[in-house]
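Colleague: Here it is, the structure, as structure tokens.
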Ligand SMILES: [Fe+2]
Ligand SMILES: [Fe+2]
């Protein structure tokens, strides 16, 4: 495992530095702050980072443009194409998750969760940022989704803190410095799409594909946590998302994606690109995690 990490060090050094810069940038730009005397200089620094972020997002967009361009642009056809990503999207059916459900150790599960928690961009804030100036019908669905994320006004039911609770109970210490760059890249992609209005429809696709694909993964992680003796109260975040996101996804597809494409077919390919970008980010994480666990080698030995 260590040798594999060392072998990858050179290749990973450049993306690692970029993702650390973008993570710090996203932390700063999203944190509530106060006016400072240096605000003009800060804007200059921000301008450079925005360009760097743009290059990073465009490179990922280029990688999926051809596949996205093949999606239909009529509302019904596009929604069916989008839903099919649950079966045929990048990273779907990754062997990492059955392994987490059936075979990993508690330490391995904790390492996986630490990476996931550190790479968590905050679905509720991304949804809130994305809904700005959207037409009424999609805006209302984004509002209902946001409200669920917020525990429908009840702090104990908020989704973010449910995940934090599990992390606390397992004694996890998620930090940017100990998070693999692939996981940081996933979070930085989600924030980049939600924070720049030119990617508003990409963000709709990226968030929607999380709702679509999360239940399958959440169910397998929940099974693994149960097998490892984590009490049901502690693992509630994963039990909840295995069920609730099925409903969220159906509503997102019917109330957000279908009407947006019906109103303007040009947005279909932007939504498709965003969804594929998000799935590619996930696939890259699963691949890295499997390498860290030595799963790829174990599978090759068994073949
Ligand atoms: Fe959630
Ligand atoms: Fe959800």
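Colleague: Is it the case that the stretch 20-32 has a residue that's loosely packed, with under 10 Cβ neighbours inside 10 Å and either at pLDDT below 95 or out of contact with any strand residue (DSSP E or B) (no Cβ under 7 Å at 6 or more places or on another chain) (or both)?
Modeller: Within the stretch 20-32, one or more residues are loosely packed, with under 10 Cβ neighbours inside 10 Å and either at pLDDT below 95 or out of contact with any strand residue (DSSP E or B) (no Cβ under 7 Å at 6 or more places or on another chain) (or both).
Colleague: OK, next. Can you tell me how many residues within the stretch 23-45 are within 16 Å of residue 195 (Cα to Cα) and either in contact (Cβ under 8 Å) with a residue 24 or more places away in the chain or assigned to a helix (DSSP H, G or I) (or both)?
Modeller: Residues meeting the conditions: 9.
Colleague: Still on this structure: Take the stretch 203-242 and flag every residue that is surrounded by fewer than 21 Cβ atoms within 10 Å (Cβ to Cβ) and away from ligand 1 (no atom under 16 Å from the Cβ).
Modeller: Selection gives 220, 223, 226, 227, 228, 229, 230, 231, 232, 233, 234.
Colleague: Continuing with this model, one more query. Being touching a residue at least 40 places away in the same chain (Cβ under 8 Å) and either in contact with a strand residue (DSSP E or B) (Cβ under 9 Å, 6 or more places away or on another chain) or not in a helix (DSSP H, G or I) (or both), is that true of even one residue in the stretch 162-169?
Modeller: no
Colleague: Also: So how many residues does the stretch 99-150 have that are in a loop (DSSP other than H, G, I, E, B) and either away from ligand 1 (no atom under 16 Å from the Cβ) or at pLDDT 95 or above (or both)?
Modeller: 8
Colleague: Quick check on the stretch 175-199: of everything there that is buried (at least 18 other Cβ atoms within 10 Å of the Cβ) and not in a helix (DSSP H, G or I), which residue is nearest to ligand 2 (Cβ to nearest atom)?
Modeller: Of everything passing the filter in the stretch 175-199, 179 is nearest to ligand 2 (Cβ to nearest atom).
Colleague: Take residues that are without any contact (Cβ under 8 Å) to a residue 24 or more places away in the chain and tell me which of the helices (runs of 4 or more DSSP H) falling wholly in the stretch 243-303 contain 3 or more.
Modeller: 295-302
Colleague: Can you find a residue that is more than 18 Å from the chain's Cα centre (by Cα) and more than 23 Å from residue 196 (Cα to Cα) anywhere in the stretch 255-274?
Modeller: yes
Colleague: Okay, next question. Can you name every residue in the stretch 243-280 that is within 14 Å of ligand 2 (Cβ to nearest atom) and surrounded by fewer than 21 Cβ atoms within 10 Å (Cβ to Cβ)?
Modeller: 243, 244, 246, 247, 250, 251, 253, 255
Colleague: Restricting to the stretch 208-242, give me the number of residues that are out of contact with any helix residue (DSSP H, G or I) (no Cβ under 6 Å at 6 or more places or on another chain) and either within 10 Å of ligand 2 (Cβ to nearest atom) or not in a helix (DSSP H, G or I) (or both).
Modeller: Residues flagged as out of contact with any helix residue (DSSP H, G or I) (no Cβ under 6 Å at 6 or more places or on another chain) and either within 10 Å of ligand 2 (Cβ to nearest atom) or not in a helix (DSSP H, G or I) (or both) within the stretch 208-242 amount to 7.
Colleague: Could you list all residues from the stretch 48-90 that are part of a loop (DSSP other than H, G, I, E, B) and closer than 23 Å to residue 182 by Cβ?
Modeller: Matches in the stretch 48-90: 89, 90.
The values are calculated or read from the model by the stated rules, or taken from the named source; none is laboratory data. What you see is a predicted model; the values in this text were computed from it and never measured. Positions of Cβ are backbone-derived with ideal geometry, glycine not excepted, and every protein chain shown enters the neighbour counts.
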